[in-house]
1. Just to confirm my filter: which helices (runs of 4 or more DSSP H) fall fully inside the stretch 55-174 and include at least 3 residues that are farther than 26 Å from S216 by Cα?
2. So how many residues does the stretch 20-46 have that are among the charged types (D, E, K, R) and modelled with pLDDT of 85 or more?
3. If we keep just the residues of the stretch 39-58 that are out of contact with any Gly (no Cβ under 8 Å at 6 or more places or on another chain) and in contact (Cβ under 8 Å) with a residue 40 or more places away in the chain, which is surrounded by the fewest Cβ atoms within 10 Å (Cβ to Cβ)?
4. Filter the stretch 47-74 for residues that are among the aliphatic types (A, V, I, L, M) and under 16 Å from the mean Cα position of the chain (by Cα) and give the result.
5. Could you pull out the residue among V85, V4, V8, V34 that is within 29 Å of W213 (Cα to Cα), among the aliphatic types (A, V, I, L, M) and buried (at least 21 other Cβ atoms within 10 Å of the Cβ)?
6. Restricting attention to the stretch 210-247, and to residues there that are hydroxyl-bearing (S, T, Y) and over 16 Å from T110 (Cβ atoms), which single residue is surrounded by the most Cβ atoms within 10 Å (Cβ to Cβ)?
7. I'm trying to understand the selection: among the residues of the stretch 207-223, which are hydroxyl-bearing (S, T, Y) and either under 18 Å from G88 (Cβ atoms) or out of contact with any Ser or Thr (no Cβ under 8 Å at 6 or more places or on another chain) (or both)?
Amino acid sequence: MLSVFGYVIIIIALALLYDFFNGANDSANSIATVIATKALTPLKALALASLFNLTGAFAITAVAATIGKGIVSLPELEQEIAFMVLIGGLLGAIIWTFICTALGIPISVTHSLVGGLLGSGIVAGGMGIIQWEVLTNKVFLAIALGPFIGFAAGAVIFIVTNWVLHFFFKKTPTPATERVFKKLQIISSSFMAFSHGMNDTQNAMGVITAALWIGSYITYFYVPWWVMLMCGSTMALGTFLLGWRVI
């Protein structure tokens with residue numbers, strides 16, 4: 001039987017490995033377009049995404065709370081079983097993310113972890129251990145509405161941007177117009193990388209914080225600053241070293 005410290009160390013290591021692959025897989029979402037249009041070279045784009053992934057990690061921690069304590073009611077389980085739920089959820093997400101990253105397939109790494117925690121939680125404590133209201137109101141709703149909201153927002157922004165640029169730059173030579181678009185792409189890519197870091201680093205933060213909480217290393221659920229730094233740095237490293245595989 002492992003000690004509490006041993007379980008926490010294993011969970012931290014697995015969470016950081018998950019975070020690394022998260023950066024490797026999801027980085028394509030924010031920088032594929034700036035590379036395709038040659039607004040930035042691949043190396044510069046990866047460096048940009050890595051930087052904003054890291055800075056985004058320090059923005060908020062609401063998602064960490066949802067992942068760490070909003071899916072499975074961990075305090076209702078025995079301590080060792082609760083640790084095993086976190087380990088099982090992480091391993092499931094890591095294996096799936098590794099396979100997809102190796103094959104160059106972009107996926108939702110967040111929902112892979114949610115599925116892993118859901119599966120291990122049900123096996124450990126049954127259906128009653130799952131917080132279905134949180135899953136329905138936050139996770140499942142986001143899965144269902146996300147693509148449609150993105151579609152609608154993308155269409156509206158394209159129409160408005162196209163009209164504004166046509167109105168102000170209709171007499172501008174094409175090369176000058178392209179330079180404007182490239183700058184806008186870099187800005188939008190930076191915001192998307194920041195959003196990725198702000199949202200997805202919290203998956204690993206939530207699991208690590210849950211382990212610290214269960215192990216009584218912290219008295220209530222909050223994300224320590226060193227966890228934010230560790231997760232943000234690991235995701236940035238994954239983006240920079242392996243992000244090219246999915247791009």
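1. Because the criterion is at least 3 residues that are farther than 26 Å from S216 by Cα, the helices (runs of 4 or more DSSP H) in the stretch 55-174 that meet it are 79-102, 109-125, 141-169.
2. 1
3. In this case the residue turns out to be P42.
4. A49, L51, L54, A57, A59, I60, A62, V63, A64, A65, I67
5. V85
6. Filtering the stretch 210-247 for residues that are hydroxyl-bearing (S, T, Y) and over 16 Å from T110 (Cβ atoms), the one surrounded by the most Cβ atoms within 10 Å (Cβ to Cβ) comes out as S233.
7. T209, S216, Y217, T219, Y220
Residues checked against (1) closer than 19 Å to I87 by Cα; (2) part of a helix (DSSP H, G or I); (3) of a type in the set (A, V, I, L, M, F, W, C):
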{"residue": "V207", "(1), (2), (3)": "yes, yes, yes"}
{"residue": "F221", "(1), (2), (3)": "yes, no, yes"}
{"residue": "W226", "(1), (2), (3)": "no, yes, yes"}
{"residue": "L229", "(1), (2), (3)": "no, yes, yes"}
{"residue": "T234", "(1), (2), (3)": "yes, yes, no"}
{"residue": "L237", "(1), (2), (3)": "no, yes, yes"}
{"residue": "F240", "(1), (2), (3)": "no, yes, yes"}
{"residue": "G243", "(1), (2), (3)": "no, yes, no"}
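The values are calculated or read from the model by the stated rules, or taken from the named source; none is laboratory data. Note that the coordinates shown come from a computational prediction; the quantities given were computed from them, not determined experimentally. Don't worry about glycine lacking a Cβ; one is built from the backbone with ideal geometry, like all the others, and counts go over all protein chains shown.
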